Each structure stands twice: as C-alpha cells, then as structure tokens.
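Working notes, structure below.
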Amino acid sequence: MTTLDAAFAILQCPSCGDPLTLADDGATCTQRHHFDRARQGYLSLRAAHKGKGAPASGDTPEMLEARDRFQSDGFHDEIAAAVLAAVPADARGWLADLGGGTGWYAAQILDARPELHALVLDASAAAVRIAARAHERLAAVSADVWSGIPVRDASVEVALRVFAPGSAAEVRRILAPGGTAVFAVPHADHLRELGHGLKLMKVPAGKADEVAASIPEATLVSSVEVRRRVELTVEQALDAVFMGPNAFHQDRAKVAAVLEGWKAPISVTLAVTVVALQVP
C-alpha cells in the first residue's frame with residue numbers, strides 16, 4: 001500500500017464532506033463525486049465551491065524554481081529547524097501540511113519523526129507533482145485549502161502552515177484531541193529592504209500574535225522568532241521576490257533592472273515567528 005492509499009483513511013470529499021474511497025483511477029464518495037489520480041502520483045481534489053468561484057491555481061513552476069534555489073542556498077534552514085522543533089518529538093500518525101508546496105518542510109520533519117506520515121495539500125499541481133516524490137511517507141494532494149481542507153474531522157496529529165494563509169477554524173477541525181498546530185508567520189519587516197523602489201506586497205504587523213490567538217481554546221506551546229540579516233546577490237534577491245505572491249504582480253525584467261542598480265551584496269532582513277499551539 002502506498003502512502004497515498006493510506007491517506008484515504010483521513011481524506012474527505014471537497015464537494016460534500018463525505019469520506020473518500022479508492023476508485024480504479026482516483027477517488028469517489030457516496031455522492032458519486034469523482035476525482036482523478038494523476039500518473040505523477042498525486043490525487044487531485046480540486047473542486048469549485050459555491051459562492052467562492054473557481055479554485056485557486058497556486059504557485060507557478062517559475063515560482064517553485066525560484067523558491068527551490070532560495071532554499072537550496074540555505075536561507076530558510078533556520079526557519080525549517082524552528083518548524084521541526086515545534087513538532088512534538090513523539091508525534092505519530094498524520095501531519096497535514098497546508099499549502100505545503102513541494103513538501104520541502106514536510107520531508108525534513110518526516111526524516112526526524114519516524115512515526116509520522118505526511119499529507120501535503122497545495123493548490124498548485126506543479127508543486128504537488130514534486131511533493132509526491134519528496135518522501136516515501138508523504139502523500140500529495142492538489143486542493144484549494146483556502147476554500148476548505150478535504151481532511152476528516154479530528155484526524156491529524158499535526159497541522160502545519162508555513163507562509164500560507166488559511167482558516168484557523170479549519171485547522172482546529174482537522175486536529176485530533178491533543179494535536180499540535182504549527183504556523184510560520186512572517187513579520188512586517190520580513191524582506192522589507194526589497195520593497196525600497198519596488199511596489200511589493202506588505203505583511204501586516206502583528207500577524208504572529210494574531211495567529212497565536214487564532215484557536216481560543218488551544219494552549220500556546222511555543223513562539224520562536226527567527227531573525228537574521230542575509231547578503232544576497234541580485235539573482236538571489238530576484239528569487240526572494242518571485243518565489244512568493246509578488247510574482248503575480250511584478251515583471252521580472254523590471255525588478256531586475258531596479259536591483260541591478262543597487263550595490264551588491266544586498267542586505268535583507270529575514271524575520272519569521274514559528275508558533276506552536278496544542279488543542280485540548
């Protein structure tokens with residue numbers, strides 16, 4: 001049995017909420033909603049939600065390539081270490097990585113937490129194609145978790161959300177009793193230097209405090225700030241801009257022209273808080 005086959009124990013239909021069961025070429029539910037299993041090894045649970053328009057398409061291959069280069073250069077290693085430290089050492093069962101992209105964080109957690117299996121959910125088909133190969137104990141699902149998480153109530157031990165928006169109520173719903181929610185939240189000054197001369201999206205102040213209070217009955221286990229200054233080349237600075245949602249609003253050639261006018265290396269602030277909450 002593959003990890004994706006095993007994940008049917010916790011998956012639910014994104015259209016009606018009924019449990020999903022294996023079908024010859026994908027998945028189905030009692031209401032006969034059908035979903036395809038891609039030959040690349042992931043399950044597509046993309047569905048339109050009434051009143052919410054078409055499901056999100058997620059990050060593009062170019063955004064994923066930029067993020068991979070940035071992470072491969074080690075700039076997110078301290079964030080990954082803080083995320084791992086927030087996952088209980090004795091965690092077992094399922095981890096749901098919401099907006100988990102290519103599974104970069106989840107795979108590192110699985111290496112260190114041998115009793116866990118992971119389900120990576122992301123709107124980007126390009127991302128989950130990569131995630132499906134990221135780890136033998138990882139299953140990948142294409143789904144718009146902003147509209148709803150296609151995971152059954154109280155079915156996961158750990159819910160992870162790194163740099164991804166979403167509903168705290170949905171996170172609470174899928175967590176089993178005693179489960180842990182881990183959030184990595186950027187500060188208002190995260191990558192702020194790159195905004196000089198560029199009209200980049202801004203992170204509101206106080207997001208970490210907001211997240212820490214987002215599940216009222218949960219206990220705050222830890223809140224760890226990861227803050228450092230890094231020196232970037234122009235290409236690395238471009239990747240920092242274009243690995244996230246700014247890519248949908250910026251022209252790479254125009255941003256490159258601005259950055260090339262700066263004196264390299266470009267000093268940039270990385271500022272993220274990793275929050276861990278435990279539900280009753």
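The residues listed here are Ser147, Ser155, Ser124; of these, the one that is surrounded by fewer than 24 Cβ atoms within 10 Å (Cβ to Cβ) and at pLDDT below 95 is Ser147. Yes or no: Glu225 modelled with pLDDT of 95 or more, assigned to a strand (DSSP E or B) and of a type in the set (Asp, Glu)? When the stated conditions are applied, Glu225 passes them. The single condition among (1) under 23 Å from Leu160 (Cβ atoms); (2) in contact (Cβ under 8 Å) with a residue 60 or more places away in the chain; (3) in contact with a His (Cβ under 9 Å, 6 or more places away or on another chain) that Thr269 does not meet is (1). Checking Leu191, Leu160 one by one, the residue that is on the phi > 0 side of the Ramachandran plot, touching a residue at least 60 places away in the same chain (Cβ under 8 Å), in contact with a helix residue (DSSP H, G or I) (Cβ under 9 Å, 6 or more places away or on another chain) and among the aliphatic types (A, V, I, L, M) is Leu191 and no other. Consider the stretch 1-25. How many of its residues are touching a residue at least 24 places away in the same chain (Cβ under 8 Å) and either in a helix (DSSP H, G or I) or among the small types (Gly, Ala, Ser) (or both)? The qualifying residues number 6. Of everything in the stretch 70-80 that is in a helix (DSSP H, G or I) and loosely packed, with under 15 Cβ neighbours inside 10 Å, the residue that is nearest to the chain's Cα centre (by Cα) is Asp77. Residues that are basic (Lys, Arg), in contact (Cβ under 8 Å) with a residue 12 or more places away in the chain and under 15 Å from Val182 (Cβ atoms) are absent from the stretch 128-138 altogether.
The values are calculated or read from the model by the stated rules, or taken from the named source; none is laboratory data. These numbers come from a predicted model, not from an experiment. Positions of Cβ are generated from backbone atoms using ideal geometry, with glycine treated the same way; all protein chains shown enter the neighbour counts.
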